[in-house]
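Remarks on the structure that follows.
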């Protein structure tokens, strides 16, 4: 099964063009959707999750028309948005049981087994009888992950999924996603470059509603081979470097800016070649540099 997006566009009433003729083909496996805040990622995710309509374009999940056959899509969909509401007084276990019932798991014995397995899988078993209102941010996010996975979806959409998770929980979640991605389509929408590099075999970079790159992360990195240079400079000289060079990024190391610069030609003796990475690709694409 493949998710095929063609010429998808969406402009809001205030004139914001959230999606501008977006076309993507997303196969089985982990697929990274990388972009800054406001890039259009959430609008695309909500459209794929049948929560809003585009102005133009088509989306197909295998033979299913996502924009016209919403009930069929929802049976195959797991969705973890950035923000989600819960019934505050219900227990975690009971809420998952209710969601499993809505997903079509009608036999009580089967539903009980599915819920218990999901509680264990998402590290929620010890808090299964506590109300959702009592959950910390990280525990609430784990519940969000559990509800997205409750019916073994064929299409799993996760939008900035590790907010509020500590490093151990984050690694646990990503191991779980990688395992699931062996069998289904998993779309990981994020602004964290390292997550896409570590997890995703294919990716797209989106900004201002437009797709700037689509393909393998390694191919994107290879496109910058021999064109990224680095050096440490005094903080007082940073503005001047940004005027003279295409400064991809700068970060403070030992109190001094350490800059990455894009140049097809070798730079002066103060610069050394830098092995490009996906962060370099991200910033060059966002800035429109080829």
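Values quoted throughout were computed directly from the atomic coordinates according to the rules given, and no laboratory measurement underlies them. Just so we're clear, the structure is a prediction, and the values are computed from it rather than from any experiment. No Cβ is skipped: glycine too gets one built from the backbone with ideal geometry, and neighbour counts run over all protein chains shown.
When only alpha-carbon atoms count, how far does the stretch 222-286 stretch along each of its three principal axes, as whole angstroms with the largest first?
32, 23, 21
Helix 137-149 against the longest principal axis of the chain: what's the angle in degrees, Cα atoms only, rounded to the nearest 10?
With both axes taken from Cα atoms, the answer is about 70 degrees.
What residues from the stretch 165-198 fall in the zone where the backbone N is under 14 Å from a label point 7 Å along the Cα-to-C-beta line of residue 218?
Inside the label zone: 197-198.
Could you tell me the distance between the Cα centroids of the stretch 26-72 and the stretch 230-264, to the nearest Å?
38
Using only Cα atoms, figure out Rg for the chain and give it as a multiple of 2.2 N^0.38 Å.
Ratio of Rg to 2.2 N^0.38 Å for the chain: 1.14.
Pairing the Cα long axis of helix 167-180 with the longest principal axis of the chain, what angle in degrees results, from 0 to 90 and rounded to the nearest 10?
Compared with the principal axis, the helix lies near 70 degrees.
Counting only DSSP beta bridges with both residues in the chain, what percent are antiparallel, rounded to the nearest 5?
The antiparallel fraction comes to roughly 65 percent.
Give, in nm to one decimal, the length gained when the segment between residue 91 and residue 183 is fully stretched (0.36 nm per residue of separation minus the Cα-Cα distance).
My answer for the length gained is 30.1 nm.
Find, to one decimal place in angstroms, the Kirkwood hydrodynamic radius of the stretch 103-169, where the mean of 1/r is taken over every pair of different Cα atoms and then inverted.
This gives a value of 12.9 Å.
Taking the radius of gyration and the Kirkwood hydrodynamic radius from Cα positions alone, what is the Rg/Rh ratio for the stretch 107-265, to two decimal places?
1.11
Hey, quick one: spin label on residue 11, modelled 7 Å out along Cα-Cβ, who in the stretch 21-41 has an amide N within reach, i.e. under 20 Å?
Output list for this probe position: 21-23, 38-41.
Give me the one-decimal nm value for the distance between modelled label points at residue 235 and residue 82, 7 Å along each residue's Cα-to-Cβ direction.
Here the modelled spin labels are 3.1 nm apart.
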